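Down below is the structure, laid out as structure tokens.
The values are calculated or read from the model by the stated rules, or taken from the named source; none is laboratory data. Owing to the predicted nature of the structure, the values given are computational and were not obtained by experimental measurement. So basically every Cβ, Gly included, is an ideal-geometry build from the backbone, and we count neighbours across all protein chains shown.
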Amino acid sequence: MTGSFANDVRRNKNFVQLVSLCCIILFFSCQDKYLMGVIPSATGSLKSDSTGSCLSETISGVFIAGKEMNDTNYLQVGVNVKSTGKYTIKSTTVNGYSFSASGSFNTTGLNTVKLAATGKPVTAGANNFSVNFDTSVCKITIIVLPVGSAPAPAAVFTLSGTTSCLNDTLSGNYVKGITLDTSSKVVISLTVTVAGTYRISTDTVNGYKFSAVGTFTKTGAQTVILTASGTPVNSGTDAFTVIGTSADCTFPVTVVTGVAVTGTDHFPLTNGDLWNYDDLFSTGDTLQRIMTDSVNTNNNRYQIMEERQAGNNVQYLFRKVDSIYYEYGSVDKYTNSVKFSPQIKKEFPFLKEGLSTGDAWSTDEYIGPATFGQTIYLKYNFSCINANAVVTVNGKTFTNVYKIVMLPQIKSAQTYPYTGTGERMDIYYAKGIGIIYYKSISSGGSSSFTLAEKQIRNWVVK
């Protein structure tokens with residue numbers, strides 16, 4: 001009996017412990033689920049304009065290189081809360097510091113959140129941050145002052161012009177559907193009464209805006225450059241308002257529609273394609289280029305381009321292999337610095353598809369006796385200074401333009417380095433159209449003069 005009872009007690013005790021353990025596990029499991037149900041992760045999006053810049057933002061404090069952040073350094077951003085719950089909003093880390101905030105949203109709709117700064121800016125300058133919440137991102141710029149700078153107050157200034165901004169010099173190309181770059185800007189005049197930091201911005205109109213951040217180091221009349229950002233949605237004239245500390249002023253911007261094209265080649269080679277150009281060097285003269293036929297030569301098949309001007313017809317031979325365009329002809333045709341005798345004919349690459357800004361290439365080296373008897377080495381260097389330019393020529397705006405520079409190079413012996421001839425050719429190739437502008441110059445010493453300049457008037461490309 002005693003042994004059996006003891007066994008029963010031990011079994012009952014183990015059973016009670018097991019039941020108790022299960023209850024504890026179940027309790028905390030339920031508690032965890034309950035807590036998760038009470039405070040889920042919030043959803044929503046950061047408030048931003050069409051350019052991606054944070055809206056409802058406030059930048060507080062002075063940011064100085066080498067100085068640790070403190071409680072005065074923070075951002076405030078607007079958040080459109082879709083569903084309440086816990087949140088974490090943080091920025092990227094730039095130049096040694098960042099911004100972040102955590103908490104809970106108790107109400108939906110527009111909320112304002114303060115993001116504290118941590119870290120220490122390393123160098124002075126403009127720092128561009130991306131702020132992240134849920135799946136949304138907005139951008140904000142912070143100006144960091146040089147090491148040892150005294151905290152600057154906020155500038156006080158008056159925009160020049162009672163309604164229209166004075167000296168509102170506009171630059172850049174504004175094209176429907178084309179994202180603006182840093183070449184698009186406006187210069188405005190103002191008078192500073194208190195030097196200090198500033199953030200000047202326009203309203204957002206038609207998908208883009210202008211803004212500037214910096215520090216006025218002196219008082220008095222001066223100008224400031226506002227850089228455009230965003231993408232114009234529609235063509236037409238847009239009226240922008242510059243927001244000042246005491247009064248506003250306005251300026252207009254005209255957005256144009258770019259030339260529509262269907263082709264993808266920057267140098268079309270289909271029979272019947274033609275281009276008419278105005279000759280800007282010989283004012284009033286015109287030039288026509290037309291693809292007429294094809295021919296086999298140099299063991300290759302080339303398309304014939306006939307150039308017609310003032311009763312003179314000249315033929316050029318071109319072909320495209322994969323993404324590279326070649327011309328076959330006299331290798332000295334694009335320089336006046338040397339002429340080979342006998343003539344040297346070769347094929348050389350003058351253009352490529354899929355270029356990026358900064359891409360460069362060279363032709364082969366061409367060696368032969370010049371007309372004055374000395375052996376000369378010749379080659380051409382090409383560089384793409386802009387692979388996606390917007391160019392207005394003859395009142396027409398072209399997009400997806402390759403800006404190519406061609407430089408002839410010569411030397412008189414194999415061991416000598418190549419030097420430039422002083423000649424330069426700027427050629428603009430528009431996608432789906434071909435050459436829209438060409439200029440050749442020659443320089444020597446401090447002077448230069450134009451050898452040729454042509455701009456497109458009209459074209460037919462199949």
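Looking at the range 190-205, can you tell me whether even one residue there is outside any loop (DSSP other than H, G, I, E, B), more than 26 Å from residue 125 (Cβ to Cβ) and under 26 Å from the mean Cα position of the chain (by Cα)? Checking the range 190-205: at least one residue is outside any loop (DSSP other than H, G, I, E, B), more than 26 Å from residue 125 (Cβ to Cβ) and under 26 Å from the mean Cα position of the chain (by Cα). Return yes when residue 98 is surrounded by fewer than 16 Cβ atoms within 10 Å (Cβ to Cβ) and among the polar types (S, T, N, Q) and no when it is not. Against the criterion (surrounded by fewer than 16 Cβ atoms within 10 Å (Cβ to Cβ) and among the polar types (S, T, N, Q)), residue 98 does not qualify. Would you call residue 86 surrounded by 12 or more Cβ atoms within 10 Å (Cβ to Cβ), outside any strand (DSSP E or B), assigned by TED's automatic domain parsing to the domain that holds residue 135 and modelled with pLDDT of 85 or more? In short, no. Within the range 390-428, being among the β-branched types (Val, Ile, Thr), out of contact with any strand residue (DSSP E or B) (no Cβ under 6 Å at 6 or more places or on another chain) and either assigned to a strand (DSSP E or B) or buried (at least 17 other Cβ atoms within 10 Å of the Cβ) (or both) holds for 392, 419. Residues that are of a type in the set (D, E, K, R), in a strand (DSSP E or B), within 38 Å of the chain's Cα centre (by Cα) and surrounded by fewer than 19 Cβ atoms within 10 Å (Cβ to Cβ): does the range 357-364 have at least one? Among the residues of the range 357-364, not one is of a type in the set (D, E, K, R), in a strand (DSSP E or B), within 38 Å of the chain's Cα centre (by Cα) and surrounded by fewer than 19 Cβ atoms within 10 Å (Cβ to Cβ), which makes the answer no. Counting only residues that are under 30 Å from residue 120 (Cβ atoms), outside any strand (DSSP E or B) and touching a Ser or Thr at 6+ places or on another chain (Cβ under 7 Å), the range 130-169 holds 3 of them. Taking the residues in the range 305-364 that are in contact with a Phe, Trp or Tyr (Cβ under 7 Å, 6 or more places away or on another chain) and of a type in the set (A, V, I, L, M) as candidates, determine which candidate is farthest from residue 268 (Cα to Cα). Among them, the one singled out is 344. Screening 334, 277, 302 for residues that are among the hydroxyl-bearing types (Ser, Thr, Tyr) and out of contact with any Ser or Thr (no Cβ under 7 Å at 6 or more places or on another chain) leaves exactly one candidate, 334. Within the range 32-52, take every residue that is modelled with pLDDT under 80 and in contact with a Ser or Thr (Cβ under 7 Å, 6 or more places away or on another chain) and give me the one that is farthest from residue 213 (Cα to Cα). Restricting to residues being modelled with pLDDT under 80 and in contact with a Ser or Thr (Cβ under 7 Å, 6 or more places away or on another chain), the top hit is 39. Picking from residues in the range 327-356 that are under 22 Å from residue 402 (Cα atoms) and of a type in the set (Gly, Ala, Ser), the one that is farthest from the chain's Cα centre (by Cα) is 354. Remark: pairs (first residue in the range 424-438, over 18 Å from residue 450 (Cα atoms) and in the same structural domain as residue 353 (by TED's automatic domain parsing); second residue part of a strand (DSSP E or B) and basic (Lys, Arg); Cβ separation under 6 Å; 6+ apart in sequence or on different chains) are absent.
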